[in-house]
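Chemist: This is the structure, below, for whatever I ask next.
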């Protein structure tokens, strides 16, 4: 049974999400930042025999799922998805694998890992990394959008506005390295809360790769988060990049997954 959350359940569900945030960190951050309902936001609770087994967060045209048990039955979630208009569904790998089977005609699955930097981890050199300013967001957006893998879902104008909003309204941090006045490496907190922050947008200009710049901006940003008392997290979907992060002291916490809607599906 899937039911829309009731106001008197907000504290209970927030505590559940706080204790289970590693299974879907973005869901917890969004719930803290935007609440459980509002403009294009709805939250649903999935029950099995009166037990809460999953929390579903609808944010615009995406779904974020925090499943609380491994053997969850997904039939009712599948029907919920089919009735909606969702471009992406994210969650821990176990539930995404089950949904992938039932929704293979409509969605393509991708799997990766959520990684955390331990408090006793060894940071690499930070080089000439520096904090970016709002006026740098346009150039940052251009650099990210030049890479199809991490910027392919954006247009430069839209990403620039998002970066500016995150920086000005939500306190997100952007770290850059410049060479001869040009931004050639970048990393940022794409979302954060009092307990942790998610690092994303890690990129180095192709002409400057292999020189440690990516490690420098990540280390600089990681150090800032640790000083703020926050656990640094990141999502990684590339096995080679996972190994790179592991060499730089990052540890795998759990496997994650996402479903992206096929064109002309549903």
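The values are calculated or read from the model by the stated rules, or taken from the named source; none is laboratory data. Keep in mind the model is a prediction, meaning the values are calculated, not measured. When we count neighbours, we look across all protein chains shown, and the Cβ atoms used for this are built from the backbone with ideal geometry, even at glycine.
Chemist: Please go through the range 61-108 and give me each residue that is in a strand (DSSP E or B) and closer than 25 Å to residue 49 by Cβ, ordered by number.
Modeler: Listed by number, the residues that qualify are 63, 64, 65, 66, 67, 89, 91, 92.
Chemist: Between 221, 233, 163, which is touching a helix residue (DSSP H, G or I) at 6+ places or on another chain (Cβ under 6 Å), in a helix (DSSP H, G or I) and not assigned by TED's automatic domain parsing to the domain that holds residue 31?
Modeler: Being touching a helix residue (DSSP H, G or I) at 6+ places or on another chain (Cβ under 6 Å), in a helix (DSSP H, G or I) and not assigned by TED's automatic domain parsing to the domain that holds residue 31 holds for just one of 221, 233, 163, which is 163.
Chemist: Here are 135, 79, 51: which of them is exposed (fewer than 15 other Cβ atoms within 10 Å of the Cβ), free of Cβ contacts under 8 Å to residues at least 24 places away in the same chain and in the same structural domain as residue 204 (by TED's automatic domain parsing)?
Modeler: It is 135.
Chemist: Test of understanding: among 229, 201, which residue is touching a strand residue (DSSP E or B) at 6+ places or on another chain (Cβ under 8 Å) and on the phi > 0 side of the Ramachandran plot?
Modeler: Only one candidate passes the filter, namely 201.
Chemist: So for the range 124-142 (the condition being part of a strand (DSSP E or B) and over 21 Å from residue 55 (Cβ atoms)), does at least one residue qualify?
Modeler: yes
Chemist: Kindly indicate the residue of the range 110-123 that is under 14 Å from residue 199 (Cβ atoms) and in contact with a helix residue (DSSP H, G or I) (Cβ under 7 Å, 6 or more places away or on another chain) and also surrounded by the most Cβ atoms within 10 Å (Cβ to Cβ) among those meeting that condition.
Modeler: Ranking the candidates gives 117 first.
Matching residues to (1) closer than 29 Å to residue 20 by Cβ; (2) exposed (fewer than 15 other Cβ atoms within 10 Å of the Cβ):
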| site | (1), (2) |
| --- | --- |
| 217 | no, no |
| 236 | yes, no |
| 242 | yes, no |
| 245 | yes, no |
| 255 | yes, yes |
| 259 | yes, no |
| 263 | no, yes |
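Chemist: In the range 6-19, is there at least one residue being assigned to a loop (DSSP other than H, G, I, E, B) and either in contact (Cβ under 8 Å) with a residue 24 or more places away in the chain or within 28 Å of residue 116 (Cβ to Cβ) (or both)?
Modeler: no
Chemist: Scan the range 31-44 and give yes if some residue there is in contact (Cβ under 8 Å) with a residue 60 or more places away in the chain, outside any loop (DSSP other than H, G, I, E, B) and crowded, with 17+ Cβ neighbours inside 10 Å, otherwise no.
Modeler: yes
Chemist: On the given criteria, is residue 179 closer than 14 Å to residue 232 by Cβ and surrounded by fewer than 19 Cβ atoms within 10 Å (Cβ to Cβ)?
Modeler: Answer is no for this residue.
Chemist: Right, here's the next one. Can you tell which of 199, 158 is in a strand (DSSP E or B) and at pLDDT 90 or above?
Modeler: 199
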